[in-house]
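Student: I'd like to ask some things about the structure below.
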Amino acid sequence: MVDKFGASISFDQQMAKEDLTASIAHVKMLGKQNIIPAKDAKTIEDGLNVLMQRLEAGELHFTVENEDIHLNMESLLTDLIGPVAGKLHTARSRNDQVATDFHLWLKNRLPEIKEAITNLQTVLVEKAEENAGTIMPGYTHMQHAQPITYGHYLLAYFEMLQRDYERFEFNQKHTDMLPLGAAALAGTTFPIDREYVADELGFDEVYHNSLDAVSDRDFALEFLSNAALLMEHLSRLAEELILWCTYDFNYIEMDDRFATGSSIMPQKKNADFAELVRGKTGRVYGA
C-alpha cells in the first residue's frame, strides 16, 4: 500500500518516450566528455534505443515497485545490458531528470495545439468569407440587438483564438529551456556539456540557475491557464452552435458528420460534439 501510494508511475509513464530521449542525449554527452568510457556510453545508448523500439511496439511494462518512470527505465535497462546501466545516472539526479522530461513532454505537444488552433482559424475564415453578406441578429441579454453578418460573428472567434495562439507561443518560450545539469539542486562537479545536450534535444537555451531549473513549474501553470482560456472560447462557441441549430433558432443546420440521432426520436439531430466540448471544459478548469 505504501509503495502504491508513493508511486507516480501510473501517470508519469506518459513521459516514457521523453525519458528515453533525454537519457540518450545525456549518455552521448557523458561519452563525449569522457566522463564515462566511450564503450560504456555506446552500450547504454544502444540499450536505450532498444527500449525505445519496445516502447513504440507497446512491449514495455512498468511496476509500482520501481516508483516512477525513471527507476522503471533504469531497471529495464539493467535487465537488458547489465550493471553498466548504472553509469547512465552519472552527473544527474531525478530532480533535473523529471524536470527535463516534463519540459520535453510539453515542448512536443505545444506545436500540435498551435496547429489545431490554426486549422480551426482557417475554417472560420473560409466560412466567414462565404457568409460575408449573411445577415443575422446580434444579441444582448438574449434579445435581438443590432444586425450583424454571420461572417462577422465567426471572425470574433478568430480573434479569440489568435490570442490563444499567441499565449501558447509565449508558453513555448518558457518551455524551450533545458534543466538537465542542475542535478539535485546545486549542479555537479563533473565536466558536463549542457549546451551539447540542449542541442541534441532541440532546446533553445539552458537554465541559468540550478535552483530555478529543478523547481520551476511556471511553464506548466502557464499552459494550464492558457488551456483554460482556450476551452472557455471553445465552450462559448459550442454553446452558441447548440442554440443556433435548435428548432427554436433554426439559424444553422449541423452537418450529419457532426451530429447524432436519437434511439427513440427520429426527428432529433443532436450537436453532441459541441455538447462534449462544452462538458469537457470543466476538466481543464479543474486542472
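The numbers here are math on the coordinates, done by the rules we state, and not lab data. Everything quoted here is computed from the prediction, not taken from an experiment. Glycine gets a Cβ as well: all are built from the backbone with ideal geometry, and neighbour counts include every protein chain shown.
Student: Scaled to the compact-protein estimate 2.2 N^0.38 Å, what is the alpha-carbon radius of gyration of the chain, rounded to two decimal places? Don't skip to the end; give the middle numbers.
Tutor: Details: Rg = 25.0 Å, N = 287, 2.2 N^0.38 = 18.9 Å.
Expressed relative to 2.2 N^0.38 Å, the Cα Rg reads 1.32.
Student: State, as an integer percentage, the relative contact order of the chain based on alpha-carbon contacts under 8 Å between residues 6 or more apart.
Tutor: Here the relative contact order equals 16 percent.
Student: I want to check the label-to-label distance for F170 and T78. Put each point 7 Å from Cα in the C-beta direction and report it in nm to one decimal.
Tutor: Placing both labels 7 Å along Cα→Cβ, they lie 4.6 nm apart.
Student: Starting with the fewest neighbours, write out K280, K87, K4 ranked by other beta-carbon atoms found within 10 Å of each beta-carbon.
Tutor: Details: K280 13, K87 18, K4 10.
Listed from fewest to most nearby Cβ atoms, that is K4, K280, K87.
Student: Also: Stick to the Cα atoms of segment 1-157, pair each with every other, and give me the Kirkwood hydrodynamic radius in Å at one decimal.
Tutor: Working: mean 1/r = 0.0518 Å⁻¹.
This gives a value of 19.3 Å.
Student: A further question follows. In whole angstrom, how far apart do the alpha carbon centroids of segment 83-144 and segment 216-283 sit?
Tutor: 18 Å
Student: So for segment 2-90, Kirkwood radius off the Cα pairs, Stokes-Einstein at 25 °C and 0.890 mPa s: how many µm² s⁻¹?
Tutor: Values: Rh = 13.2 Å.
In µm²/s, the coefficient is 185.
Student: Considering only the other residues whose Cβ falls under 12 Å of the Cβ of V277, what net charge follows from Lys and Arg at +1 and Asp and Glu at -1?
Tutor: -1
Student: Please identify the helices of the chain, taking whole runs of DSSP H, that span at least 15 Å along their own axis as judged from the Cα atoms and have a mean Kyte-Doolittle score of -1.0 or higher. Write out the running numbers ahead of the final one.
Tutor: Values: long enough: 16-32 (24 Å, -0.01); 38-56 (27 Å, -0.46); 69-81 (18 Å, 0.84); 94-130 (54 Å, -0.59); 150-175 (38 Å, -1.02); 218-244 (39 Å, 0.68); 272-286 (22 Å, -0.42).
Helices passing the filter in the chain: 16-32, 38-56, 69-81, 94-130, 218-244, 272-286.
Student: I've got another one for you. With the dipole of segment 96-286 worked out from charges on the C-beta (+1 for Lys and Arg, -1 for Asp and Glu) around the Cα centre, which of A228, T188, N270 lies farthest toward the positive end?
Tutor: The residue sitting most towards the positive pole is N270.
Student: Which length gain, in nm to one decimal place, applies between V123 and E205 when the Cα-Cα distance is subtracted from 0.36 nm times their residue separation? Could the numbers behind the result be given before it?
Tutor: Working: separation 82, 0.36 × 82 = 29.52 nm, distance 3.51 nm.
Between V123 and E205, full extension yields an extra 26.0 nm.
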